[in-house]
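Undergrad: Following this message is one structure expressed as structure tokens.
The values are calculated or read from the model by the stated rules, or taken from the named source; none is laboratory data. For clarity, every value in this text was computed on a predicted model and none was experimentally measured. Every residue, glycine among them, receives a Cβ derived from its backbone with ideal geometry; neighbour counts consider all protein chains shown.
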């Protein structure tokens, strides 16, 4: 299965390389290949080419670029679209969520990508973890929210391949809970001096 | 230090008993002591008496009863008020959050308890864990949000006494992130077949 990673910043580069190492056929959709010398040149396509040849896509662009990036891709009917974005804006006090209670970034992305089977996931922790989850002794938790059961199963397998423990959080509107969780992670990392080297795991009581 | 637990349902009974076992002076504020035969009778006071004699309080009543319960307590000036509630309503599809993006249950509680130093915490997991965090091999994560640094330190110590790993999440308005986290836990427990015997921990990469 070919995966097209849309965006090749820290998140898209890290996740794409980790999938490549796990044996997936990964391409990146980027506007200017010359900017990404660290990535295998033969795998850098235009966003539209990358999307056309892939069965699954990962949206890994900054929030303000998400709508335009999706519009550029051409038809996505029936394709799995993993939405790793977070609806972040910058205010005087640092980053904050721009969507929340009555909608979510995930639902907006679904509106901008008609026909795609959107799964919100890989948004709840930072780039330092996303491509490097295997550095933890216990698999970090990664929730998934989506309306299509089969797409969510496929997404879970891709999330597990990165070294995460994939956990179903319900339909896509549960992105309203997963984006606040991302914000908690971001604030711990950036505002509370914890840095990016931590993750959450799901544990059960000692027997 | 005396702690008054307002409410003696599963949450209030469990947390209060756990604090008692850790050597704290705990009383419960309840309207009808005859309903709580499992709790030490000499420690069941009226809500107003309990509040008057305590330096710290735990609000552990259902959301719909929170405002009236606080109104009954008399002045709380300068006291620590741990808010363990979640702004939950019941809809056709089960429990949901009634507050969120632009305010939170924690901020509403602060409005209903003028003078109290409100710390949102002990809301992010269920009663099965709240009084029984020590059953986990690694201390489950418990965030705290509050505007008064000293009150939050005191609250952190009380949270740690229950066997949790207390983590500062910032000012009280971060309850807008901690209540969605509670909802995630609740939905995993109740809607996704996981039951109440799981928790989240904060981990760092293997050295």
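Undergrad: Going through segment B:142-153 one residue at a time, which ones are under 14 Å from the mean Cα position of the chain (by Cα) and within 21 Å of residue B:23 (Cβ to Cβ)?
TA: B:142, the sole residue that qualifies.
Undergrad: Could you tell me whether residue A:125 is more than 10 Å from every other protein chain (Cβ to nearest Cβ) and not in a helix (DSSP H, G or I)?
TA: yes
Undergrad: Going by what's in this entry, would residue A:159 be described as touching a strand residue (DSSP E or B) at 6+ places or on another chain (Cβ under 9 Å), part of a strand (DSSP E or B) and at pLDDT 95 or above?
TA: It is false that residue A:159 is touching a strand residue (DSSP E or B) at 6+ places or on another chain (Cβ under 9 Å), part of a strand (DSSP E or B) and at pLDDT 95 or above.
Undergrad: Out of all the residues in segment A:133-141, is one or more under 23 Å from residue A:72 (Cβ atoms) and either part of a strand (DSSP E or B) or at pLDDT 95 or above (or both)?
TA: The answer is no; no qualifying residue exists.
Undergrad: Residues of segment A:165-184 being part of a helix (DSSP H, G or I) and within 9 Å of chain B (Cβ to nearest Cβ), which ones?
TA: A:174, A:176, A:177, A:178, A:179, A:180, A:181, A:183, A:184
Undergrad: I've got another one for you. Filtering segment B:88-120 down to residues that are in contact with a strand residue (DSSP E or B) (Cβ under 6 Å, 6 or more places away or on another chain) and in a loop (DSSP other than H, G, I, E, B), which residue is surrounded by the fewest Cβ atoms within 10 Å (Cβ to Cβ)?
TA: Out of the qualifying residues, it is B:98.
Undergrad: Let me ask something additional. Considering segment A:140-164 alone, what residues qualify as being within 14 Å of chain B (Cβ to nearest Cβ) and buried (at least 18 other Cβ atoms within 10 Å of the Cβ)?
TA: Scanning segment A:140-164 gives A:140, A:141, A:142, A:143, A:144, A:145, A:146, A:152, A:156, A:163, A:164.
Undergrad: Still on this model: Does residue A:81 count as at pLDDT 95 or above, part of a loop (DSSP other than H, G, I, E, B) and either surrounded by 20 or more Cβ atoms within 10 Å (Cβ to Cβ) or touching a helix residue (DSSP H, G or I) at 6+ places or on another chain (Cβ under 9 Å) (or both)?
TA: no
Undergrad: I'm checking my understanding of the structure. Among residues of segment B:185-197 that are without any contact (Cβ under 8 Å) to a residue 12 or more places away in the chain and assigned to a loop (DSSP other than H, G, I, E, B), which one is nearest to residue B:129 (Cα to Cα)?
TA: Ranking the qualifying residues of segment B:185-197, first place goes to B:195.
Undergrad: Take the residues of segment A:189-207 that are more than 21 Å from residue B:198 (Cβ to Cβ) and within 7 Å of another protein chain (Cβ to nearest Cβ): which is surrounded by the fewest Cβ atoms within 10 Å (Cβ to Cβ)?
TA: Filtering first and then ranking leaves A:192.
Undergrad: Can you tell me which of A:66, A:18, A:50 is touching a strand residue (DSSP E or B) at 6+ places or on another chain (Cβ under 6 Å) and either more than 24 Å from residue A:180 (Cα to Cα) or assigned to a helix (DSSP H, G or I) (or both)?
TA: Testing whether each residue is touching a strand residue (DSSP E or B) at 6+ places or on another chain (Cβ under 6 Å) and either more than 24 Å from residue A:180 (Cα to Cα) or assigned to a helix (DSSP H, G or I) (or both) leaves just A:50.
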